[in-house]
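Below is one structure; the comments refer to it alone.
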Amino acid sequence: MENLILLNNIGTSFSHLHLRSIGIDPFWAMRELKNLNFSWVRLGCYWSEVETKENQFDFEDLERLIVLATKLGFKIVLTIGMKAPRWPEFYLPKWLEKKIDITEGYVFDKSNTTVVKRFKEYLLTTAERFKKYKSVKVWQVENEPLDPSGPKNCKISPELLMEEVETIRKVDNSRLFLVTVWGNDLTTRGYYKAAAQIGDIVGIDIYFRYNGPSDKDEKIKEVIKNMGKPVWITELQAEPWEPGELVTKKKNPRSCLPKHIIQNYKRVKDFGAESIFFWGFEWWLFRKVNGDDRWWRAVERVIKNKI
């Protein structure tokens, strides 16, 4: 298994579905991303996109992105599972949603054989398809799986999550496995403990400008220090999150101004995490395309160590 000591490495999340929803071609966007000199990119394999018809898989778009990212020299984290980055959090195929009754607070667990059978097939097929790419360094299994989220505040049980990891290991045991948690309620929920038991790396998602972490910085540092596993900041807020808006059109959204990107990075860079991934690339590019490159330039300053 490859040893990934990632001190001072910086990456970003990249959602091709979200880029398309805001009118940006993801392949052009990937080339633009290269100009920022990130070393890592986190991609998502959206189940609802790759298996629109039961037992018929189409990985063409994602594979083209992985090929391009590889040519551009990125190291890749590939998120696979029923949860993936960006709203609505859960990406179940419509044909599967019709077979189950998802109620408020629903927990996906091993008892739901209808889901689990098809789900394992998706995991096995995806891992088998992409394990050949050496640029894919890490499997991220689900996105904040243990935390309730999405329109109905659903989550995945630790037992099912463990089974997911073991399912993928049968296909590929050469890579590290990343499990992420919502860091704004790190010790309140305590899911990081299960994440550390299940994954090889624990990812913490922190949004200082969105209700702020319930823990003080020193407490977060203590948790990271005592985790017993490598810790990454897998989402560091660098995008506005305005009430009632998925993509804000405000000129100066208070929830994340360009200066906050620099402030947030300065705040977490001594937390003890081995790598930091910014959240919001799609937003910076969207604003840049529309004549406002302030967020883009703020990120450039961080990467060039001009802060």
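The values are calculated or read from the model by the stated rules, or taken from the named source; none is laboratory data. Worth saying up front: this structure is predicted, and the values here are computed from it rather than measured. With ideal geometry, Cβ positions are generated from the backbone for all residues, glycine too; neighbour counts draw on all protein chains shown.
Data overview
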item: Contacts under 7 angstrom Cβ, first residue in the stretch 154-174 being among the charged types (D, E, K, R) and crowded, with 20+ Cβ neighbours inside 10 Å, partner modelled with pLDDT of 95 or more and part of a helix (DSSP H, G or I), 6 or more apart; result: Glu164/Leu123
item: Residue identified as under 20 Å from the mean Cα position of the chain (by Cα), surrounded by fewer than 20 Cβ atoms within 10 Å (Cβ to Cβ) and of a type outside the set (A, V, I, L, M, F, W, C) among Tyr191, Tyr210; result: Tyr210
item: The stretch 88-116, subset among the charged types (D, E, K, R) and under 19 Å from Leu146 (Cβ atoms), residue surrounded by the most Cβ atoms within 10 Å (Cβ to Cβ); result: Glu89
item: Cβ pairs under 9 Å, 6+ apart, first in the stretch 98-116 and closer than 14 Å to Cys154 by Cα and among the charged types (D, E, K, R), second assigned to a strand (DSSP E or B) and modelled with pLDDT of 95 or more; result: Glu104/Cys154; Asp109/Ile156
item: Unique residue being within 15 Å of Arg129 (Cα to Cα), surrounded by fewer than 20 Cβ atoms within 10 Å (Cβ to Cβ) and either at pLDDT 95 or above or in contact with a His (Cβ under 9 Å, 6 or more places away or on another chain) (or both) when the list is Asp25, Asp58; result: Asp58
item: Unique match (being within 22 Å of Lys155 (Cα to Cα), touching a strand residue (DSSP E or B) at 6+ places or on another chain (Cβ under 8 Å), touching a residue at least 40 places away in the same chain (Cβ under 8 Å) and not in a loop (DSSP other than H, G, I, E, B)) among Leu33, Leu78, Leu43, Leu62; result: Leu78
item: Residue that is assigned to a loop (DSSP other than H, G, I, E, B), of a type in the set (A, V, I, L, M, F, W, C) and in contact (Cβ under 8 Å) with a residue 12 or more places away in the chain, where the choices are Leu146, Leu178; result: Leu146
